[in-house]
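The numbers here are math on the coordinates, done by the rules we state, and not lab data. Fair warning: this is a prediction, and the values are worked out from it, not measured in the lab. When we count neighbours, we look across all protein chains shown, and the Cβ atoms used for this are built from the backbone with ideal geometry, even at glycine.
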Amino acid sequence: MHEKGAINLVQQSDMSAEKRRKALRYLMFLKEQRDGTIKARGCADGQPQREYTKKGEVSSPTVSLEAIMLSCAIDTKEGLYVIVTDIPGAFLHADMNDEVHMILEGTIAELIVKIDPSIYRKYVWHSQKGKPMLYVQLKKALYGTLQAALLFLLEEVPYDMTGIAKTPAACHLFNVNDGARKLDEKKAQLFHHMVAKLLYLCRRTRQDIQTAVAFLCTRVKSPDEDDYKKLTRVIQYLRDTTKLTLTIEPDDNPRWWVDSSYAVHPDMKSHTGIFMSLGKGGGYTASRKQKLNTKSSTEAELVAIDDAMGQVLWTRHFLAKQGVAVPVTTIYQDNKSTILLSENGKASSSKRTKHLDVCYYFITDCIKRGEVKVAYCPTENMLADFFTKPLQGAAFRRMHSQILNMPFTDTSASEAHRSVLDGRKK
């Protein structure tokens, strides 16, 4: 802050009561790295700004994950060079447009005074308990204000999550034991935080844990001991497969696989799985609980297609804007009755499906416009099935290898990937 000229000093006597009330606290986080060094991150506690700042005024235009994945695929296919840069103290390069004050307390105030006592000492005052205090006005967008993005560092997993597992979830993933003991508040918060970190991971490079994480996301409000064991299983699987990562080899137009598992959740709602590939590896994946109850597996499959259509059309538009020729998009489905409903709409509806809302026939209109087509795919080749249920054994390894784009062998995933790495080094 001192070197970047990020602050203006302010006398306490020049601060109105309203400005003192709105002044943000300065927070300092310290963490010991694995090599023994100490990393510090200072930020402003921007939470009080939410009371008087509109969301639209502080939102930051951030590229979507889907756009990054597709852009990388296009760059790879065209053989482009990609440069990645990092700007140290990036937030401190952005000017603050609003008048925002911050208060430095205790040790932090003493430390900044030591940098240059002739500048800072005269602005320091003491609280009733003798704590040194210092008001400053922010000239730059300090990390932690609503004008800057929030970033959370990954922490080490708890000691009771030792061991390894060959798959991220057991067959009973979706089963809920109503008699299981609820986690205490501290452990429940840990559960919530770890699931959030896994959610970040599974959407970027480890799509193989996405189904398990999707279910755990439905349990964060009131997790129990069984949920904690399921979380532990995911961590154990990651520990056994630390070298795995997603590899994308684009050589074709996007193809989509959409599937569902009927009434697998405790409230009898179904689960949607979506997989998109531009050649090899998953360019987009999704695993999510459906928002409504359905009366048959056919109906659940139609809802799953509707869940995917927004992303399907967005992908078409994005690729077209990048100058990529986009032919008719193929959506693979393993339920022939659902294919008929998709193609013909109400014309193929029977007594069992005539209650379906018209919005779920949006796919029919897209087919008529020539944007998409729905094609049959045998269940054993339905890649989206991986994102609807916890597969085991050879079925897990086979689909797992296609989703992450790695060779399929009868050995465990970690052993298979190590052999690939070894082969590339030779």
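Set the Förster distance to 30 Å, then compute FRET efficiency between residue 239 and residue 47 from the Cβ-Cβ distance, nearest 0.05.
On the way: r = 35 Å, r/R0 = 1.15.
Efficiency, rounded to the nearest 0.05: 0.30.
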**OP:** Could you point to the residue in 344, 268, 387 farthest towards the positive end of the stretch 249-387's charge dipole, with +1 and -1 charges on the Cβ of Lys/Arg and Asp/Glu respectively?
**Re:** 344
Subject >> Computed FRET value (nearest 0.05) for residue 405 with residue 95, which takes r as the C-beta separation and R₀ as 41 Å >> reply: 0.40
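What is the local net charge at residue 405, summed over the other residues whose Cβ is closer than 12 Å to its Cβ (Lys, Arg +1; Asp, Glu -1)? Before the final figure, lay out the partial values.
On the way: positive: 280; negative: 208, 249, 251.
In short, -2.
What FRET efficiency comes out for the pair residue 8/residue 182, r = Cβ-Cβ distance, R0 = 60 Å, nearest 0.05? Working shown, then result.
On the way: r = 50 Å, r/R0 = 0.83.
Efficiency for this residue pair is about 0.75.
Report the relative contact order of the stretch 244-349, percent, no decimals, based on alpha-carbon pairs under 8 angstrom and at least 6 residues apart.
Numbers: 171 pairs, mean separation 28.7, N = 106.
RCO, the stretch 244-349: 27 percent.
Taking 0.36 nm per intervening residue step and subtracting the Cα-Cα distance, what contour gain separates residue 78 from residue 164 on full extension? Let's see the in-between values first.
Numbers: separation 86, 0.36 × 86 = 30.96 nm, distance 3.98 nm.
The residue 78-residue 164 span can extend by a further 27.0 nm.
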Original post:
How large is ³J(HN,Hα), in whole Hz, for each residue of the stretch 67-77 in order, when computed from phi with the Karplus curve 6.51 cos²θ - 1.76 cosθ + 1.60 and θ = phi - 60°, using x for Gly and Pro?
Top reply: 5, 5, 4, 5, 5, 4, 5, 5, 4, 5, 5
Original post:
Which entries of 280/389; 19/186; 166/197 show an alpha-carbon separation above 29 angstrom in the structure shown?
Top reply: 19/186
**OP:** Alpha carbons only, please: Rg and Dmax for the stretch 249-387, in angstrom.
**Re:** 14.6, 45
Original post:
residue 224's amide H: which non-local residues (gap 5+, or another chain) put their own amide H closer than 5 Å, with H modeled 1.01 Å from N in plane and none for Pro or chain starts?
Top reply: 183
